[in-house]
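Reading through the C-alpha cells given below for one structure.
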Amino acid sequence: MQHPANADGGDATPQILSIEDVTDDSVGGKAYGLFRLQSMGLSVPPAFVIRNARAGQYPDGLESASRALGENPLAVRSSAQGEDGAEDSFAGQYETVLNVNGHEALLSAIDDCVNSLQSDRARHYQSRREGLDASMNIVVQRMVNARCAGVVFTADPVSARRDLLIVDAVNGLGEALVSGEATPDHYALDDSDNVIKQALAGETPVLSDQELALIARQARQAQAHEGQPLDLEWAIDQSGELFWLQARPITTLPADLNEFDTPLPRPDDVLTISNVSEMMPGAVSPLTGSFTGWSIDYGLQHMQVAVGAREKISPQWQVTAWNFGHLFLNLTGNIVMSSGVLGSTPEQTAQTLCGRPVPELKALPPQPFLRRVINTVRLFHYALTAPKVVDRFDQEVAAFAVAHLPDANGMMAELQTRAAFYEHAMAVHIQSSALSGFLSAIVENMVASQSNHATPEEQAEAVRLLAGANGVESAEMLVELDALVDRIAEQEDAREQFCSVDAPSALSWLRDHPVISPLFSQFLAGHGHRGYRELCMRDPAWAEDPESLVQSMQAGARARLSGAGTRQAHHGEINLDSLSRGLQWILPRAHNAVRRREHTKSHLVTVAHRFKLAFAHLGALLVEEGALPDADLVYFFAFNELPDFVQSRDPDMVARAQRRRDALPFQQRFNFPEICVGRAMPLQEQTASTEDGKLVGRPASGGIVTGTARVAHTLDEAAALQPGEILVTPITDIGWTPYFSMIAGLVTDLGSAVSHGAVIAREYGLPCVVNSRVGTRVITTGDRLKLDGDTGVVEIL
C-alpha cells in the first residue's frame with residue numbers, strides 16, 4: 001500500500017530524514033528499500049533522504065548532512081512515489097547523478113533529479129498508473145569506491161524461474177552495466193547456490209567464488225526477509241567489503257512457475273517425460289493439471305491397489321508428478337508394482353514406459369514372498385477381467401453426460417458430482433492398457449526367447465507381429481481420413497479454393513461444398529472429440545476448432561494434386577502357421593488387447609471431451625455473471641479452487657488466475673531430460689551433438705528410407721511439411737495423424753513401440769525410430785537422413 005507523499009501536498013517543505021527515520025514507502029521505493037536493507041543487517045553506504053524535494057528550494061541542514069557522509073563523492077538518486085515499487089520500477093525514467101563533489105554540485109544534482117519528474121519520458125511512463133502522485137524524494141548517498149559492482153536478481157527475470165538467482169558483475173561502477181556500456185560476467189545459480197551457467201566477459205572473472213557465494217547468500221537473505229523476489233544493486237569496494245545500494249521488487253514476474261509442483265514420495269524418485277508426454281506434451285494449465293493429471297495418478301494407484309501392491313489410494317501424487325507446469329511419470333512410483341508381485345522387474349517397467357533400460361531406476365524393497373504370490377494371482381485376475389470391465393464401460397460411457405445448467409453455481413455442483421467418473425474412466429483405460437502391455441511384452445520375449453534382452457532385430461520382428469491387429473479405432477480413423485482427402489483432391493476447385501488459401505477459408509470451403517460438406521460432417525461426427533492434447537481441458541477438440549485438422553488435410557491434398565506419392569493406412573497380414581505354437585496362441589490375444597486399449601482410449605477422450613465442453617460452459621457463465629473478464633481464465637484455477645471462487649467471486653483470485661496465465665508461456669519454453677532423478681529440472685540450453693552423425697533409438701516400424709528432414713516441435717511447424725520428408729519431432733499424438741500419409745519416415749525423441757507415432761507409422765508402413773532422445777536437437781530441417789527402422793539407427797548424411 002502506498003501512502004501520500006505529505007499531508008501538505010504541493011506546498012510541503014523539503015525535509016531531511018535519516019535512513020533510520022524512513023518507516024514506509026511515502027518517500028519512494030528507493031529510500032524505503034535502503035531502510036529495509038539496513039534493517040536486515042546488510043551493509044549500506046551512509047545516506048540520507050530529502051522528502052518533498054524542490055528545485056531551488058533546499059532543506060535546512062543540507063550542507064552539514066552531506067559533510068557527515070564523509071569525503072567521498074556522493075550519489076544523488078531519485079526516489080519518487082511509485083518508483084522501485086511492487087507494481088512498476090520506473091527504471092531509468094528519473095535522473096541519477098554520480099560523483100558529486102562539493103555543495104554547489106550537490107544543489108545542481110538535486111535540481112536535475114527534481115526536474116526529471118517532468119521529463120517527457122517520465123510523464124509518459126506515469127500515465128500508465130492512473131492516480132499516481134509522483135512526488136519527488138531524493139536519496140543522497142556516499143559513493144562506494146568500487147572495485148566491481150553489479151546487480152543480482154533473486155529470480156530470473158527472463159525465464160521467470162524463481163529457483164534461479166542471476167548475478168551480473170562488471171569492474172568499476174555499476175552504472176556501466178546499467179547503461180549498457182560494459183558487458184558483464186553473467187552467472188546463474190540454482191537454489192543450492194551451485195553455478196549452473198557462467199558467461200565471462202573477459203579471460204579473468206570479476207568475482208571470486210567466495211564473493212559470488214556471499215552475494216548470493218545475502219541476496220537470498222533479503223528475499224526471505226521481504227517475502228518476494230528482488231532486484232538488488234551491489235558494489236564491492238577496494239578493501240573487499242560488500243555494500244548494497246538498492247533493492248526493489250521484480251515487477252515483471254508472472255505467477256510462481258512452481259506453484260503447483262507436487263512433492264515426491266521419495267527424494268530420489270526417478271521421473272520420465274516418456275509416455276505421459278504423448279498424452280500431454282508441454283506445460284498444462286492449473287485446471288488440466290489438477291483434473292487430468294490427478295486422474296492419471298488415481299488410475300495408476302487404482303491398479304496398484306487392485307493387485308495388492310499398494311494398501312490404498314493416497315491423496316498425494318504417487319505415480320506421476322507435476323513440475324514447472326509439466327506432467328511426468330514417476331518411474332519409482334510405478335515399480336511399486338514390481339516390489340509387490342512375482343516376475344515383474346524395474347527393467348520391464350522401463351522397457352514398457354520408456355522403450356529402453358533406465359539404469360537410474362533401482363528396485364524397491366520387495367514385499368514378503370507369500371504376499372507377492374497372492375498379489376500375482378490378483379494381477380492375473382486384474383488383467384484377465386479387463387475385457388468384462390471394458391464391456392461394462394461401453395454402457396457407462398453411453399449413459400454418461402455432464403448437464404449444461406443455466407447458472408455458474410449449479411454448473412459447478414454438476415461438475416463436482418460428475419468428476420469421479422473421469423477418475424473411473426482413467427482407471428478402466430489403464431486396466432485395459434495393462435493387459436495390452438503385458439501381452440505385448442510376452443510376444444517380444446517369445447520372439448527373443450529370453451526376457452527383456454531382445455536385439456533390435458528381435459524388437460523389430462515383435463513390432464511387425466503386433467502391427468497385424470486390424471479393427472483398431474485409431475487406424476480406422478486414418479482410413480476414413482485418407483478417403484476424405486482423396487475425395488477433396490478429386491474436386492475441380494480444390495487446388496484454388498482449398499489448397500491455396502488459409503485454413504479458415506479452407507474450412508469454409510469444406511463446410512459449403514455440396515460433395516465434401518456431408519463427408520466432412522460425417523468424419524467430425526465420428527471423430528470430432530479427438531484432437532491435439534486431447535486430454536487437456538483447455539485445448540479444443542476438432543469439433544470445436546478444426547483448423548489444425550484442416551491444415552493437415554490441405555497438406556495432404558496438395559501432395560496428391562502435385563503427383564507426389566502418398567501412403568494409405570493398411571494392416572500387414574500375419575501368417576500364423578509360420579509361427580511357434582506359443583506365438584500362434586498369444587498373438588491373437590495380444591491383437592485383441594491392442595484393439596481394446598485403443599477402444600478405451602477413445603472412450604476416455606470422449607469423457608474428457610464432455611468435461612471440456614462443461615468447463616467451457618462454466619467459463620462462459622462466469623463471464624455472463626460478471627465474475628470473470630474472459631472465459632479462458634477458468635482454466636487457470638485448480639479444480640479444487642473453483643467451488644470457492646464460484647461462491648465468493650473473489651477479485652484477488654481472478655488476479656491470481658491472470659498471473660498464472662501469464663506464467664504458462666514461460667513454462668511452455670522448458671524442455672526436460674528424458675530421465676530425472678529427484679525433482680525434474682529444465683534443461684539448460686546447449687548444443688547437442690552425436691558422434692559420427694548417427695543416432696540410435698528404438699526400432700518401431702521396419703524399413704529403410706533416405707530423405708530430407710523436417711523438424712517440427714508443434715503442429716504449426718508441421719504445416720510446412722512437404723511430401724516425402726522425414727518428420728523429426730519430440731512426440732506425436734492423434735493431432736499429428738493426418739500428416740502420416742505424406743511423410744517418408746518418422747523419428748521421435750521419446751516413445752516406445754506402443755507409442756502413438758509407432759502404432760500409426762506401422763499402419764502406414766513408414767520406417768520409424770522412436771526414443772532417439774536428441775533427434776530434434778541434432779537434426780535440422782533440410783538435413784539428408786538415412787532412417788533404418790529395422791535397427792533403430794538414424795544417420796545424418
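Observations, loosely collected:
- Rounded if a/c under 1.5, otherwise prolate or oblate - segment 135-293, Cα gyration tensor axes: prolate
- Solvent-accessible heavy-atom area per residue, rounded to whole Å², over segment 209-315 at 1.4 Å: 35
- Atom-type composition of the exposed protein surface of the chain places 49 percent of the accessible area on carbon and sulfur (1.4 angstrom probe).
- Taking a ≥ b ≥ c as the square roots of the eigenvalues of the alpha-carbon gyration tensor, segment 314-364 is classed oblate because a/c is 1.5 or more while a/b is no larger than b/c.
- With 10 Å bins beginning at zero, the pair-distance distribution over Cα atoms of segment 174-226 amounts to 21, 47, 29, 2 %.
- Nonlocal amide H pairs with L164, under 5 Å, H built at 1.01 Å: D156
- Per-residue 3J(HN,Hα) values for segment 339-355, derived from phi via the Karplus relation 6.51 cos²θ - 1.76 cosθ + 1.60 with θ = phi - 60°, read 6, x, 9, 8, x, 9, 10, x, 5, 5, 4, 4, 4, 5, 8, 10, x Hz in sequence order (x marks Gly and Pro).
- The chain: Lys pairs at Cα distance under 27 angstrom, eight or more positions apart or on different chains: 6
- Only protein heavy atoms count here; on that basis, with a 1.4 Å probe, T251 has an accessible area of about 40 Å².
- Rolling a 1.4 Å probe over the heavy atoms of the protein chains gives segment 460-543 an accessible area of 42 Å² per residue.
- Cα gyration tensor shape for segment 678-795, rounded if a/c is under 1.5, else prolate or oblate: rounded
- Burial order of peptide ranges 779-791, 187-199, 160-172 (average beta-carbon count within 10 Å, highest first): 160-172, 779-791, 187-199
- Selection from I236, L107, H529, by position along the positive dipole direction of the chain (Cβ): H529
- Extents of segment 216-364, largest first, come to 68, 35, 28 Å (Cα atoms, principal axes, whole angstrom).
- Of the residues P651, A663, S285, the one whose Cα sits farthest toward the positive end of the charge dipole of the chain, with +1 on the Cβ of Lys and Arg and -1 on the Cβ of Asp and Glu, is S285.
- DSSP finds beta bridges in the chain, and of those with both partners inside it, around 90 percent are antiparallel.
- The equivalent ellipsoid of the chain has semi-axes of 58, 29, 27 Å, largest first, where each one is the square root of 5 times an eigenvalue of the Cα gyration tensor.
The values are calculated or read from the model by the stated rules, or taken from the named source; none is laboratory data. Remember, it's a predicted structure, so these values are computed and weren't measured experimentally. In this analysis, Cβ positions are derived from the backbone assuming ideal geometry, glycine residues included, and neighbour counts consider all displayed protein chains. What goes into the accessible areas is simple: the full protein's heavy atoms, side chains included, and nothing from ligands, DNA or RNA. Shrake-Rupley method; radii C 1.70, N 1.55, O 1.52, S 1.80 Å.
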